[in-house]
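First the structure, in the form of structure tokens, and then the observations on it.
Derivation of every value follows stated rules applied to the coordinates shown; laboratory data play no part. The model shown is predicted, which means the values in this text are computed figures rather than measured ones. A quick note on method: Cβ atoms are made from the backbone with ideal geometry, for glycine too, and the neighbour counts reach across all protein chains shown.
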Amino acid sequence: MMPNMLRECIPVPSPNVTMTLHAVAHESNSKMAKTKLPAIPDLRFEYSYLKNVQPFVKIKRVGRQREGESPHEIIEIEWRQVLWVTLRDQVIHPLLQGTLWCVVWLISLSLLV
């Protein structure tokens, strides 16, 4: 007798209701797929460093290209500029950022006390 009572108490959705719920879920998923989000910028150090160094590295192709002969390349590097970019990005900027965060932290501590 108990199983029959459970069957009567628990509503079982009809196949039409199930299909309708499936259609609504599919429609909302397709709308989400159509929505395009903006690209997330790449904030890794290597790409920004290479972008900063790129103007100071020049590659020139010289010589004739004959069959079976590989072209020759001359690479010109402005070492002072590359050194400055490296020093600025690797040493100066992190040092200034750390100093700024330390000052902000000390000021916030003094305000809380």
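Specify whether the C-alpha gyration tensor of the stretch 39-113 places it in the rounded, prolate or oblate class, a ≥ b ≥ c being the square roots of the eigenvalues: rounded for a/c under 1.5, otherwise prolate if a/b is larger than b/c and oblate if not.
Verdict is prolate for the stretch 39-113.
Using a Förster distance of 25 angstrom, determine the FRET efficiency expected from the C-beta separation of residue 90 and residue 113, and round it to 0.05.
With a Förster radius of 25 Å, E is 0.10.
Taking R0 as 30 Å, what FRET efficiency do you get between residue 39 and residue 101 from their Cβ-Cβ distance, rounded to the nearest 0.05?
0.60
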